[in-house]
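Asks: Quick one: the structure is below, questions incoming.
The values are calculated or read from the model by the stated rules, or taken from the named source; none is laboratory data. Model, not experiment: these values are computed from the prediction. Here the Cβ is made from the backbone with ideal geometry for all residues, glycine too, and neighbour counts use every protein chain on show.
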There are 2 protein chains.
Amino acid sequence: MILSEQVNPPEIPQDTQKSLPIALLRAREAVMAGFRPVLARHGVTEQQWRVLRVLSEFGEALDASNLASRASILPPSLTRILKVLSERQMVKATKDQGDGRRVLVSILDAGEELIHKVAPESREIYADLERRYGAEKVESLLEMLDELTIKLAR
Amino acid sequence: MILSEQVNPPEIPQDTQKSLPIALLRAREAVMAGFRPVLARHGVTEQQWRVLRVLSEFGEALDASNLASRASILPPSLTRILKVLSERQMVKATKDQGDGRRVLVSILDAGEELIHKVAPESREIYADLERRYGAEKVESLLEMLDELTIKLAR
DNA sequence: ATTTTTAAGTTAACATGTTAATAATCTCAG
DNA sequence: CTGAGATTATTAACATGTTAACTTAAAAAT
């Protein structure tokens, strides 16, 4: 046995965890871990869910760019997602009259139904999160994240 | 001109932005927007960079599970990433003697070189972030994110 | 010692992220 | 009115995320 043998490697990768991008990624994963099963049980992905939610909350048709921006999804991804959601009769995409480039997307009944079915469970997950982490802290964290996003958006 | 014409749609999707997962996603995107170009200029993706960084900081070989966990990358993704990094001679993967299931990954010279070339620019980006958002706030945000991650990890 | 169970990685299949190129349409200067 | 330039959406190509199935090897049980 050699005395100068190094000690066991540290369990905590200090520097790596001090990275803001990774901390954001891990936090997001931790939050979504509770939420994803609910969506999976209803047969939709997280991104499909975001698209439906934005459309439902906005209340009327949205063009693709706007929709992509609000749902934080890149245009190429949105194109594919809309293909799936259209086949499932959850949304409808039509060409804009007056501007042939734009595609107007609106939510259909099947989409609204899904929203209404998932919403209660979703609220429950969120409530549990606030119980565990603290509702005020959630609010505070949201503000800090928004501020960071805004200050870096240039 | 019709007077009852609706006003322009609001720029700010209130409800949608109150979602923690989306806020985390947007913040992460805002941070990475400054960082990604640096990595792209050096020919690596964000995830490849994370793998190299973990290996470099750890200082010795890591088995795949451990590496995946520390880099916040899922095992299937890691398998593919290691294939690429191995071809580029940036890492080396060998079977563990004594446990034939484990794969031990270590960083090679080309990998360390990349780290040393990118690190200065990386620090610069991070410094700029702290200038814009505030170094104390970054610290505070990191703590809150870590706490959230821990409290949800069950 | 053989069987059973666990554990570690990989592969498969599909969805999305990411960047660049392309297609289609609109705008506007000339 | 026309053609250059800008805008919107799609397509392409590759990388990663995500879950499940599968393979191999180690550990535990009988």
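Asks: I'm trying to understand the selection: among the residues of region B:43-58, which are within 13 Å of DNA strand D (Cβ to nearest atom) and surrounded by fewer than 20 Cβ atoms within 10 Å (Cβ to Cβ)?
Replies: Matches in region B:43-58: B:Gly43, B:Thr45, B:Glu46, B:Gln47.
Asks: With the requirement that a residue be in contact with a Ser or Thr (Cβ under 8 Å, 6 or more places away or on another chain) and under 23 Å from B:Leu20 (Cβ atoms), what does region A:69-80 give you?
Replies: A:Arg70, A:Ala71, listed by residue number.
Asks: Of all residues in region B:91-126, count the ones that are among the polar types (S, T, N, Q) and touching a residue at least 60 places away in the same chain (Cβ under 8 Å). First the steps, then the outcome.
Replies: Residues of region B:91-126 that are among the polar types (S, T, N, Q), as a first pass: B:94, B:97, B:106, B:122.
Among the residues that remain, those that are also touching a residue at least 60 places away in the same chain (Cβ under 8 Å) are: B:122.
Within region B:91-126, residues that are among the polar types (S, T, N, Q) and touching a residue at least 60 places away in the same chain (Cβ under 8 Å) number 1.
Asks: Still on this structure: Considering region A:59-86 alone, what residues qualify as being within 23 Å of A:Gln97 (Cα to Cα), away from chain B (no Cβ under 14 Å), more than 9 Å from DNA strand D (Cβ to nearest atom) and surrounded by fewer than 20 Cβ atoms within 10 Å (Cβ to Cβ)?
Replies: A:Ser86
Asks: Residues to consider are B:Gln17, B:Gln89; find the one that is farther than 21 Å from B:Val138 by Cβ, modelled with pLDDT under 95 and more than 14 Å from DNA strand D (Cβ to nearest atom). Full working, then the answer.
Replies: On the way: B:Gln89 fails: modelled with pLDDT under 95.
Of the residues listed, the single one that is farther than 21 Å from B:Val138 by Cβ, modelled with pLDDT under 95 and more than 14 Å from DNA strand D (Cβ to nearest atom) is B:Gln17.
Asks: Within region B:131-148, can you find the residues that are among the aliphatic types (A, V, I, L, M) and facing chain A (nearest Cβ under 7 Å)?
Replies: B:Val138, B:Leu141, B:Leu142, B:Met144, B:Leu145, B:Leu148, listed by residue number.
Asks: Out of contact with any Phe, Trp or Tyr (no Cβ under 8 Å at 6 or more places or on another chain) and facing chain B (nearest Cβ under 8 Å): does that describe A:Lys18?
Replies: Yes.
Asks: Restricted to region A:92-121, and to residues that are of a type in the set (S, T, N, Q) and within 14 Å of DNA strand C (Cβ to nearest atom), which residue is modelled with the highest pLDDT?
Replies: A:Thr94
Asks: Test of understanding: among B:Ala40, B:Ala33, which residue is at the interface with chain A (Cβ under 8 Å from one of its Cβ atoms), within 27 Å of B:Leu142 (Cβ to Cβ) and free of Cβ contacts under 8 Å to residues at least 24 places away in the same chain?
Replies: B:Ala33
Asks: Additional query: For B:Lys137, state whether it is under 20 Å from B:Ala68 (Cα atoms), in contact with a helix residue (DSSP H, G or I) (Cβ under 9 Å, 6 or more places away or on another chain) and either surrounded by 12 or more Cβ atoms within 10 Å (Cβ to Cβ) or not acidic (Asp, Glu) (or both).
Replies: no
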